[in-house]
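The values are calculated or read from the model by the stated rules, or taken from the named source; none is laboratory data. Since the structure is predicted, the reported quantities are computational estimates derived from the model, not experimental observations. We place every Cβ from the backbone using ideal geometry, glycine too, and count neighbours over all the protein chains shown. Keep in mind that these areas ignore ligands, DNA and RNA; they rest on the heavy atoms of the full protein, side chains included. Shrake-Rupley method; radii C 1.70, N 1.55, O 1.52, S 1.80 Å.
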Amino acid sequence: MRTIDWNKNNNNITMIDQTLLPAEYKVIECSTIDTLCEAIKSLRVRGAPALGAAGGFGVALAAFRSNASSLDRSIDDIQDAANTIIATRPTAVNLSWGVKRVLGALEDAKNIKEVRMFALDEAKAIADEDVEKNMQLGEHGATLLEDGDTVMTHCNAGRLACVDWGTALGVIRSARAQGKDIKVISCETRPLNQGSRITTWELMEDKIPVTLITDSMSGHVMRKGMVDKVIVGADRITQDAVFNKIGTYTHSVIAKEHQVPFYVAAPVSTFDFERFEDEIEIELRKPEELKYFGNHQIAPLGVNVYNPAFDATPMENVTALITENGVFYPPFLLNEVKVHT
Ligand code: MRU
């Protein structure tokens with residue numbers, strides 16, 4: 001099934017609970033804005049494009065859950081829910097993009113029935129387009145990969161970070177569909193281990209060869225010549241930087257040092273080219289994520305902790321941006337990257 005979808009029987013949202021992988025594959029339902037927000041905050045649904053779909057479906061859910069008897073009151077309820085959803089995670093721009101896109105589709109609604117219908121149609125369109133755009137992105141990105149390449153990736157930019165197919169892993173899927181033998185090195189991605197728990201799981205499901213390393217091994221493997229290309233996804237791309245999972249910047253510096261191409265694969269919905277790095281809030285997560293591994297304590301409970309979920313990689317470390325519109329090389333110009341949107 002898709003990572004996230006609308007369940008028309010219960011008029012609610014279904015999603016694969018990514019916190020349980022790889023031990024358990026479980027599909028959960030979110031029937032209220034509270035349960036959806038909990039699912040986003042705790043990373044049951046995660047990854048920028050999947051969050052875009054979650055934001056869109058969240059607005060539709062708010063439309064279905066509102067008990068308001070007038071159009072104006074219903075729109076007020078939906079707007080309140082939209083603000084709550086956007087506040088759950090600040091860095092991935094797709095979340096607010098998905099919410100705002102569906103809110104925009106409600107402007108012409110003349111009654112509550114139309115509000116629900118327009119919201120759901122737009123949210124479904126976001127989900128369908130995500131799959132289509134990832135496949136286009138994958139085709140463009142696959143031209144950069146040669147038969148026999150080993151690609152290192154960080155975090156999970158696969159089908160579980162999107163509605164389906166994936167961005168960074170979508171490029172690898174497309175290259176393999178073209179018959180190229182591509183192998184993957186997956187960094188474990190501390191502290192929440194999206195690489196070891198999710199990337200390895202979804203690649204193994206697809207029988208794509210993958211080797212797991214710790215994040216601190218990336219320098220070693222690149223120095224040894226074991227990596228031909230690095231491909232990562234993105235949570236937000238400003239004019240001057242790529243925001244992605246913490247650790248991405250370090251990999252980009254090592255890649256530059258060893259002349260390994262460093263590619264960023266992301267749909268245009270992840271671009272925020274009107275803004276600069278300094279204007280973006282980086283989500284700080286709970287200290288407990290570093291003090292415990294599961295239920296096991298791994299640090300003194302009183303220790304000071306700094307736990308940013310993302311870092312920013314300056315554009316000068318990026319070899320090319322891969323989008324549904326093509327592959328773009330420096331200088332990265334807004335009009336070029338966003339062409340045909
Ligand atoms: O905190 P997460 O798991 O939501 O972070 C996800 C990432 O950093 C991904 O690399 C990014 O969203 C790209 S997903 C195609």
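Tabulated results
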quantity: Compactness index (Cα Rg / 2.2 N^0.38 Å), segment 4-134; calculated: 0.99
quantity: Within segment 118-144: backbone nitrogen closer than 16 Å to the K100 label point (7 Å, Cα to C-beta); calculated: none
quantity: Contour excess over end-to-end distance, with Cα ends at D34 and Q259 and 0.36 nm allotted per residue; calculated: 76.3 nm
quantity: Simple label model, 7 Å out from Cα along Cβ direction - E205 to A68, nm; calculated: 3.7 nm
quantity: Loop GluC sites (Glu not before Pro), segment 1-84, which have at most 14 other Cβ atoms in a 10 Å radius of their Cβ (DSSP); calculated: E24
quantity: Evaluated over segment 140-339, the Cα radius of gyration and Dmax, each in Å; calculated: 16.6, 53
quantity: FRET E, pair T214, L301, Förster distance 25 Å, beta-carbon r, rounded to 0.05; calculated: 0.55
quantity: Simple Cβ-charge dipole of segment 170-218, Lys/Arg +1 and Asp/Glu -1, about Cα centre, in debye nearest 20; calculated: 120 debye
quantity: Among the listed pairs K224/K256; K41/K286; K26/K286; K41/K124; K26/K124, those beyond 18 Å (Cα-Cα); calculated: K26/K286; K41/K124; K26/K124
quantity: Within-12-Å neighbourhood charge of N317 [Cβ basis; K, R +1; D, E -1]; calculated: -3
quantity: Fraction in percent of alpha-carbon pairs per bin - 20 Å, the chain; calculated: 32, 57, 10, 0
quantity: Neighbourhood net charge (13 Å Cβ-Cβ; Lys/Arg +1, Asp/Glu -1) for L203; calculated: +3
quantity: Exceeding the 27 Å Cα-Cα cut-off - candidates K100/K207; K100/K133; K133/K291; calculated: K100/K207; K133/K291
quantity: Per residue value of the accessible surface for segment 140-339 (all protein chains in place, 1.4 Å probe), Å²; calculated: 43 Å²
quantity: The chain, helix-only ellipticity at 222 nm - DSSP H runs n ≥ 4, -39,500 (n - 2.57), divided by all residues, nearest 500; calculated: -11500 deg cm²/dmol
quantity: Cleavage-rule hits (trypsin sites (Lys or Arg not before Pro)) in segment 140-188: DSSP loop, at most 15 neighbouring Cβ within 10 angstrom; calculated: K180
quantity: Listed residue (N94, G138, G104) projecting farthest to the positive dipole end of segment 74-141, Cβ model; calculated: N94
quantity: With every protein chain in place, segment 88-128: carbon and sulfur % of accessible area (1.4 Å); calculated: 51 percent
quantity: Relative contact order %, the chain, counting alpha carbon pairs below 8 Å whose residues are six or more apart; calculated: 16 percent
quantity: Net lengthening on full extension, S42/T19 (0.36 nm per residue, minus Cα-Cα); calculated: 7.5 nm
quantity: Those trypsin sites (Lys or Arg not before Pro) in segment 1-72 that DSSP places in a loop and that have at most 15 other beta carbons within 10 Å; calculated: K8, K26
quantity: Debye, to nearest 20: dipole size of segment 140-339, +1 on Lys, Arg Cβ, -1 on Asp, Glu Cβ; calculated: 620 debye
quantity: Size of electric dipole in segment 267-341: Cβ of Lys, Arg +1 and of Asp, Glu -1, about Cα centre, debye, nearest 20; calculated: 320 debye
quantity: Accessible solvent surface per residue of segment 4-134, calculated while the other protein chains remain in place, 1.4 angstrom probe, Å²; calculated: 43 Å²
quantity: Using alpha-carbon coordinates, inclination of helix 71-86 to the longest axis of the chain, degrees; calculated: 20 degrees
